[in-house]
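Before I ask anything, let me first share the structure, which is written out below as structure tokens.
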Amino acid sequence: MTEFFGTDGVRGLVGDDLTVEMAYVLGRAAVLALGPNILIGRDTRASGPLLEDALARGIADAGGTASCAGVVPTPAVAMLTREYRLDGGVVVSASHNPPEYNGIKFFDAQGFKLTPAAQDTLEAALVAHAQGSSNYIDAAGQAVAGASPKGQKRELAQAADDYCDLVCQQAEGEGVGLAGIKVALDCGHGAAAETSPQVLRRLGAQVAAINTDYDGQDINVGCGSTNLGPLKQLVLDTQADVGFAHDGDADRVLAVDAQGNEVDGDFIELICALDLKRRGRLAKDTMVITVMANLGLVKAAEEQQIGLVQTAVGDSSVLAAMREGGYVLGGEPSGHTIFLEKNSTGDGLVTAVQLLAAMVRAGAPLAELAKVMRKYPQVLLNVPVRDKHAVEGHPQLLEALHEAEGGLAGNGRILLRPSGTEALFRVMVEAASDELANATAEKLAAVVRDIGGSA
């Protein structure tokens, strides 16, 4: 793990873990690591414009051209970087995190997250800055000695529309039509506020959308994929056939059936895998999942004769396995699903369109399609600790794990890991009953607190 970069770029509290100065340095470094022509997009957080401007000035001061797309989903930056034939893309977003957080993540010219070598270049720039060797910007965010403006910043007002056009073209090329389908949509006061309603309506769906406004402080707050309550109510109130909820940057989506029941990423991926397989489009009849996938998904895939490749947690791990093995579908329970023939990263809108298309082709409601899998009761505890790394691999925790696995008697699963972005240690337990899963998770969480110290 690098000093500044986590599992998905740089992320943290604005003004503390992530500053304007850091954004400026990363802008300059991006030109060195990726090339001079860089696309910038952001979500709706209040800190977004300031960080976007610092990145753009850094890019320009390094002799590059910063093309600013404004508020667009993360997957739009990946797709448009490739479509516009630019050298790289950067997104200012903290995804599903609260409004006071923000982040900066990068894509290469093909819309893929960076190689370790490219990320090391960016990391080195931040390390040098932290050690005081960079004189490119002062505490007020103004460029000072060492900066020699050569490049430019330009606005791309059409970027969101261009992304919508591309997603619609993909769907229409496959004959996807959504006429007669009622869709409820929660945009989470985030980056999908304009794009997702537009695309679904253009494809023929009747859309009832909420949380399409934003003030910079409401992204992910009590809504979107982090809180499905408002979406479930909207589905019932509008008698929608299906509901979708995005996270703040819309690289994820979760679904709700017509009865208001959650359909998470495991269900979505399996339903879409079966649809692809029936059409001969599921490469090697295999999909990629992570160790967080529910045991019910594993068993259902085996029954449906769909192969599985399992990776570590994180979309980067999923994508790496997909590219290495030539697979077209991979994802996580969180709703971060990658359709590699459609986009180079998780795309919540593309995922929603593909799930709707699967429903149309099957001529069945989502609740019926979701019966393909029985989800095992799962408990996930995010345990705040002072030192998450001290917990991992500790003999006391390994002993507790061995005892807990014995209690599951082979009919369940346990996963213990530190968070990649927060001071948390995650305890996940699946078992045959809710009671057993809860009791097992609580026992392990107590051990984690004892080792790592309560935060």
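The values are calculated or read from the model by the stated rules, or taken from the named source; none is laboratory data. Quick caveat, the model's predicted, so the values are computed rather than measured. Because the Cβ atoms are built from the backbone with ideal geometry, glycine has one as well, and the counts that use them run over all protein chains shown. The area values use the complete protein model at the heavy-atom level, side chains included, leaving out ligands, DNA and RNA. Shrake-Rupley method; radii C 1.70, N 1.55, O 1.52, S 1.80 Å.
Could you grab the relative contact order for segment 383-455? Cα pairs under 8 Å, six or more apart, rounded to a whole percent. Please report the intermediate quantities before stating the final value.
Values: 105 pairs, mean separation 33.8, N = 73.
It rounds to 46 percent for segment 383-455.
Taking θ as phi - 60°, what are the ³J(HN,Hα) couplings along segment 94-103 by the Karplus curve (6.51, -1.76, 1.60), each to the nearest whole Hz, with x for Gly and Pro?
For segment 94-103, the Karplus curve yields 10, 6, 8, 6, x, x, 6, 8, 8, x Hz.
Find, among the trypsin sites (Lys or Arg not before Pro) in segment 22-129, those assigned to loop by DSSP (not H, G, I, E, B) with at most 12 other beta-carbon atoms within 10 angstrom.
Here the trypsin sites (Lys or Arg not before Pro) that fit, given the DSSP loop and packing criteria, are 85.
Still on this structure, please answer the following. If each DSSP helix of 4+ residues adds -39,500 (n - 2.57) and the sum is divided by the residues in the chain, what number results at 222 nm, nearest 500 deg cm²/dmol? Before the final figure, lay out each step's value.
On the way: 15 runs with 176 residues, N = 455.
Computed mean residue ellipticity for the chain: -12000 deg cm²/dmol.
When the dipole is taken about the Cα centre of the chain, and only Lys, Arg (+1) and Asp, Glu (-1) are charged at their Cβ, what size is it in debye, to the nearest 20? If you can, show how the numbers build up before the last one.
Working: 36 positive and 58 negative charges, 170 e Å.
Around 820 debye, computed over the chain.
Going by Cα centres, segment 409-427 and segment 45-64 are how many Å apart?
36
Related question: Would you count, across the chain, every pair of lysines whose alpha carbons are under 17 angstrom apart, provided the pair is eight or more residues apart or spans two chains?
Values: 105/113; 113/342; 182/232; 277/342; 299/371; 299/375.
Value for the chain: 6.
A follow-up question, please. How high is the relative contact order of segment 66-129? Use alpha-carbon pairs under 8 Å, at least six apart in sequence, and give a whole percent. Could the numbers behind the result be given before it?
Working: 63 pairs, mean separation 17.6, N = 64.
That works out to 28 percent.
Determine the percent antiparallel among the DSSP beta bridges restricted to the chain, to the nearest 5.
Working: 35 of 66 bridges.
Percentage antiparallel, nearest 5: 55.
Continuing with this model, one more query. If you roll a 1.4 Å probe over the chain with all protein chains in place, what percent of the accessible area is carbon or sulfur?
Working: 8460 of 17570 Å².
After summing per-atom areas, the C and S share lands at 48 percent.
What is the antiparallel percent of DSSP beta bridges lying wholly in segment 173-266, to the nearest 5? Let's see the in-between values first.
Details: 7 of 16 bridges.
Looking only at bridges with both residues in segment 173-266, the antiparallel portion is about 45 percent.
Using only alpha carbon pairs under 8 Å that are at least six residues apart, calculate the relative contact order of segment 308-371 and give it in whole percent.
Numbers: 57 pairs, mean separation 11.2, N = 64.
Relative contact order for segment 308-371 comes out at 18 percent.
What shape does segment 1-88 take by its C-alpha gyration tensor, where a ≥ b ≥ c are the square roots of the eigenvalues and a/c under 1.5 counts as rounded, a/b above b/c as prolate, and the rest as oblate? Please list the in-between numbers first.
Working: a/c = 1.44, a/b = 1.25, b/c = 1.14.
It is rounded, given that a/c, with a ≥ b ≥ c, falls under 1.5.
Can you pull out the trypsin sites (Lys or Arg not before Pro) in segment 299-401 whose DSSP state is coil and whose Cβ has at most 15 other Cβ atoms within 10 Å? Kindly include the intermediate steps, with their values, before the conclusion.
Values: sites: 299, 323, 342, 361, 371, 374, 375, 386, 388; in loops: 342, 374, 375, 386.
Qualifying residues, ordered by number: 374, 386.
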